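Okay, structure first, notes after.
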Amino acid sequence: MMQDQNHSESITLSVIEMARAGQFAEIRDKFLPALRDSVAPEVLQAAWQAEIGRVGPVVNIGQPSRQTTPTGLQVVTVTGQCEKGTITLIALVDQDGYLNGLDLRSSEVQSNMDHFTEETIDIGQEPWKLPATLTIPRGNGPYPAVVLVHGSGPNDRDESIGPNKPFLDLAWGLALRQIVVLRYEKRTRVYADPCEDPTQFTVEDETIDDVGAAMDALQRVDKVDATKIFALGHSLGGYVMPRILEKFPKLAGGVFLAASYRPLPVVMEEQIQYILALPETTDQAKESLLAMKAEIPKITALSTHDPRVDAPRPMGVPVSYWRDLAEYNPGEVLQSIDRRMFVLQGEADYQVTLDDFHLWQDAAQRMPKVVFKRYPNLDHLFMLTEEDRATPATYTRPRQVSSQVIEDIANWLTNSYR
């Protein structure tokens, strides 16, 4: 019987709960029948106990993220907070709901849950309420606070990419440094139609408006200093950070993580060309990439004043979205803002490059409140990589956001950055 994709997430969460309860024979029974003879409950138990022995018992389980392979398998990733670190379970679930594989990994990075708490809330109003997580330092406060703003795509609140969760890393790392963090499910992940009129969909609906809802939620938190609420945007979130700051003047400032500056079609074409040239790129992936590349001229050819609403949808996205971005000049908006800003860039990033970083620097030449920093050997997620330039395969390795980046952001947010 075919299962919906959400069922694969439920299966993966149930595996963690069964492992916590010691029900390893039951986990074995969830595997594809042809694989069960090779999955001994004793082996599953030994693997679980070995990882838990490193990081301690699970104290909190995060939201699962899901990706689909070309063969239709669901790759579901769940990360749990443990007493001395984190544990990540990656499950391969087929269309009939059977496990085709499990991968369990732990990290001994200290989560220090004794130093902060997490609370699940909703932000915004109907019809666009969004599930969110508040990470709050223990103590009296008031503390600075930051809203985490996603990159492209229907991201979850942890901005999960493979086994990596950069927004979770940022939330815990900043909370340990006495900063309140709010992260939330992106609107396009929660709602199939993320605005009332899909023909008029823009980046305001996708990304910008919900920052205001998050800011309103933070202003109601007793431990938050309402004069020190910031926004941190990653990738697309950084690209539109000038518009976010322009729309919400009560924000104290903005952090730009791997923020593109050049028009989105230019950045996408550069990414596609780079991936096409990699030896690891399969023929099937190349076919998909070339199809995407063929859509780019349709985007750049759109007239920003074309009144048609039945125009093509390049890459499946309404024309209104592309027209809105075509009219956006990030440097021009940036120069209209007289608030603190911090622009960070990883030198090993292939998605947003130093070309964009230098353009931000050029735009802010006469703006002393804008600070810049670049980091060798860090990729688009600000995680360490051995390659001079990361690749898509880099994201399949479990890693964490650089502690130096978290330290620098915390110091900048608290006005002590050097």
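List of remarks:
- Taking a ≥ b ≥ c as the square roots of the eigenvalues of the alpha-carbon gyration tensor, the stretch 5-107 is classed oblate because a/c is 1.5 or more while a/b is no larger than b/c.
- Leading residue at positive end of dipole, the chain (Cβ point charges), from N411, H234, Y395: N411
- Gain in span if fully extended, N329 to E407, counting 0.36 nm per residue against the direct Cα distance: 25.0 nm
- This model, with +1 at the C-beta of Lys and Arg and -1 at the C-beta of Asp and Glu, gives the chain a dipole about its Cα centre of some 1040 debye.
- Between the stretch 204-263 and the stretch 386-400, the Cα center-to-center distance that results, in Å: 27 Å
- Highest average first, the peptides 288-294, 94-100 ordered by how many other beta carbon atoms sit within 10 Å of their residues are 94-100, 288-294.
- Computed from the C-beta positions of R138 and R397 and an R0 of 35 Å, the FRET efficiency is 0.60 to the nearest 0.05.
- Positive-end residue, the chain charge dipole about Cα centroid, Cβ charges, pick of P64, T133, P265: T133
- The label point for M367 and the one for Q219, both projected 7 Å from the Cα toward the Cβ, are 2.4 nm apart.
- Part-to-part distance (alpha-carbon centres) for the stretch 11-84 and the stretch 270-292, which is given in Å: 32 Å
- Each peptide in 20-29, 146-155 gets a packing score, the mean of other Cβ atoms within 10 Å over its residues, and the list from highest to lowest is 146-155, 20-29.
- The residue among S14, G101, T88 whose Cα reaches farthest toward the positive pole of the charge dipole of the stretch 5-107, with charges on the beta-carbon of Lys, Arg, Asp and Glu, is T88.
- Potential lengthening between D355 and T199 on full extension [0.36 nm per residue; Cα-Cα distance subtracted]: 52.9 nm
- The length gained by stretching the chain between K247 and E287 to full extension, at 0.36 nm per residue less their Cα-Cα distance, is 10.4 nm.
- Protection proxy ranking, peptides 215-224, 361-370, average beta carbon neighbours within 10 Å, highest first: 215-224, 361-370
- Within the stretch 119-192: Cβ-based charge dipole about Cα centre, in debye rounded to nearest 20 (Lys, Arg +1; Asp, Glu -1): 100 debye
- The stretch 5-107, dipole about Cα centre (Lys/Arg Cβ +1, Asp/Glu Cβ -1), debye to the nearest 20: 260 debye
- Highest-MSF residue in the chain out of P297, P376, P314 [GNM, Cα springs under 10 Å]: P297
- Alpha-carbon Rg/Rh ratio, for the chain, with Rh computed the Kirkwood way: 0.96
- Antiparallel content of DSSP bridges confined to the chain, in %, to 5: 60 percent
Since every read-out is calculated from the coordinates, none of them should be taken as a lab result. Everything quoted here is computed from the prediction, not taken from an experiment. Here the Cβ is made from the backbone with ideal geometry for all residues, glycine too, and neighbour counts use every protein chain on show.
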